[in-house]
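Beneath this line is the structure, given in structure tokens, with notes to follow.
The values are calculated or read from the model by the stated rules, or taken from the named source; none is laboratory data. The structure displayed is predicted, hence computed values, not measured ones. Here the Cβ positions follow ideal geometry from the backbone for every residue, glycine too, while neighbour counts run over all protein chains shown.
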Amino acid sequence: MTRYLPVANPQNRFSSTTMEYEAEDFPDARAPMQVYEDHSRSILAGNDSPDVGFRWSVNPYRGCFHACSYCYARPSHEYLSLGAGSDFERKIIVKKNAAELLREAFDKKKWQGELVMFSGVTDCYQPLEAKLELTRACLQVCIEYKNPAAFITKSPIIERDLELLVELTRVARCRVSVSIPFWKPETAKAMEPFVTTPQRRMKIVETLAKAGVPVGVSVSPIVPGLNDEDIGEVLEAAKNAGAQHAFYVLLRLPGAVKDVFEASLRQKLPLRAEKVLRRLREAHGGRLYDSRFGMRGSGSGVYADTIGTLFDKLARRHGLRHDEMKNLADLDETGAAPPSTFERPSHVARAAKNGQTSFGF
């Protein structure tokens, strides 16, 4: 019988109690997925962070089966009285009425067709999407209303929706960023255990580019001392695959993410652990993480500045538009602010004229 090492599930900062396991009693690291329905009445999440490049996002899922040890969104599970470790990876929350809620949001008079990001705290094309098709349904709503949308993912499942992405590109604005932070498959496997290889992800870029969908790469997160050496290879491969843009975010370790990341790093890449942690502190003023606006995604000091300079130089060399994360939603691929294409379907206009304010779906 194969015995797996335990997956850390740090103490929930909002919980007044905790449970400590003996070594032999740890839950199986390959615990089965548990799916819970979310009955929220809204789907658009707003943010005003100066470090995030979009105002509105849609999260059809919460939690992510990809189980990336570095995921900054892990603490969001703590608001659900769950853990940021194995709970985030195996207890997935789904919004089965995501498309209906998005349509209702677009029907409101105050909505003016701003760009919507899929997603802010999850991968909208994680494995469950193959069966539930929640993101696909939301994409169809964006096409119906000619509402611009951007997508960031690690998953080849997005290729299933190629025709829809092409159509959204035609009627409004569509932009895809494929997350490829590592280029060495063994390093990627250690940090992103349930994600396809970097080389397979680059095929997504190629497929979308050939179809005419604006696509680029997110070399995020850059983990100092681990994958900063991969930047050149990723950007060169991206350009060869047809990418138009590239950006990066320095590793962010808010809250319990520090514990999950460090435990995974020491377990899977023990010979690199001390170097990575030392470099992280160099890039964050002596700490593993600096949460200040303007610093949390880029770091500070000589080492962080060197990464930024290197990335910019290599992106320019390969002809890739280098976006800062904070500018992602504001510009199209030419660098100009595009005109609004948003248009409510005729049935919405007729209903508004007749005094109706809600719709049944």
Single condition Val58 does not satisfy, out of (1) at pLDDT below 95; (2) buried (at least 23 other Cβ atoms within 10 Å of the Cβ) = (1)
When region 35-50 is examined, which residues are found to be assigned to a loop (DSSP other than H, G, I, E, B) and either out of contact with any Ser or Thr (no Cβ under 8 Å at 6 or more places or on another chain) or modelled with pLDDT of 95 or more (or both)?
-> Asp38, His39, Ser40, Arg41, Ser42, Ile43, Asp48, Ser49, Pro50
Residues of region 66-85 being part of a loop (DSSP other than H, G, I, E, B), crowded, with 18+ Cβ neighbours inside 10 Å and not aliphatic (A, V, I, L, M), which ones?
-> His66, Cys68, Ser69, Tyr70, Cys71, Tyr72, Gly83, Gly85
Within region 221-269, restricting attention to residues that are of a type in the set (D, E, K, R) and touching a His at 6+ places or on another chain (Cβ under 9 Å), which residue is farthest from Gly308 (Cα to Cα)?
-> Lys239
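Every residue, every condition in (1) among the aromatic types (Phe, Trp, Tyr); (2) under 19 Å from the mean Cα position of the chain (by Cα); (3) modelled with pLDDT under 95, yes or no:
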| site | (1), (2), (3) |
| --- | --- |
| Glu233 | no, no, no |
| Gly255 | no, yes, yes |
| Pro270 | no, no, no |
| Ala283 | no, no, yes |
| Leu320 | no, no, no |
| Glu324 | no, yes, yes |
| Leu328 | no, yes, yes |
| Gly335 | no, no, yes |
| Pro339 | no, no, yes |
Has region 181-202 got at least one residue that is in contact with a strand residue (DSSP E or B) (Cβ under 9 Å, 6 or more places away or on another chain), more than 23 Å from Lys268 (Cβ to Cβ) and crowded, with 24+ Cβ neighbours inside 10 Å?
-> no
Please find, among Val260, Val205, the residue that is buried (at least 18 other Cβ atoms within 10 Å of the Cβ) and without any contact (Cβ under 8 Å) to a residue 40 or more places away in the chain.
-> Val205
Residues located in region 250-307, provided they are on the phi > 0 side of the Ramachandran plot and assigned to a helix (DSSP H, G or I) | Gly301
When region 263-309 is checked residue by residue, the ones that are hydroxyl-bearing (Ser, Thr, Tyr), buried (at least 20 other Cβ atoms within 10 Å of the Cβ) and within 23 Å of Gly53 (Cβ to Cβ) are Tyr289, Ser298
Select from region 231-254 the residues that are within 30 Å of Pro75 (Cβ to Cβ) and surrounded by fewer than 18 Cβ atoms within 10 Å (Cβ to Cβ) and list them in ascending order.
-> Pro254
Go through region 87-109 and give me each residue that's acidic (Asp, Glu) and closer than 12 Å to Leu134 by Cα.
-> Glu100
Any idea which of Ala99, Ala67 is in contact with a helix residue (DSSP H, G or I) (Cβ under 7 Å, 6 or more places away or on another chain), on the phi > 0 side of the Ramachandran plot and of a type in the set (A, V, I, L, M, F, W, C)?
-> Ala67
Of all the strands (runs of 3 or more DSSP E) wholly in region 107-184, which have at least 1 residues that are in contact with a His (Cβ under 6 Å, 6 or more places away or on another chain)?
-> none
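Here's the yes/no breakdown for (1) closer than 16 Å to Asp312 by Cα; (2) assigned to a helix (DSSP H, G or I):
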| position | (1), (2) |
| --- | --- |
| Ala190 | no, yes |
| Val195 | no, no |
| Arg200 | no, yes |
| Val205 | no, yes |
| Leu226 | no, no |
| Asp230 | yes, yes |
| Leu235 | yes, yes |
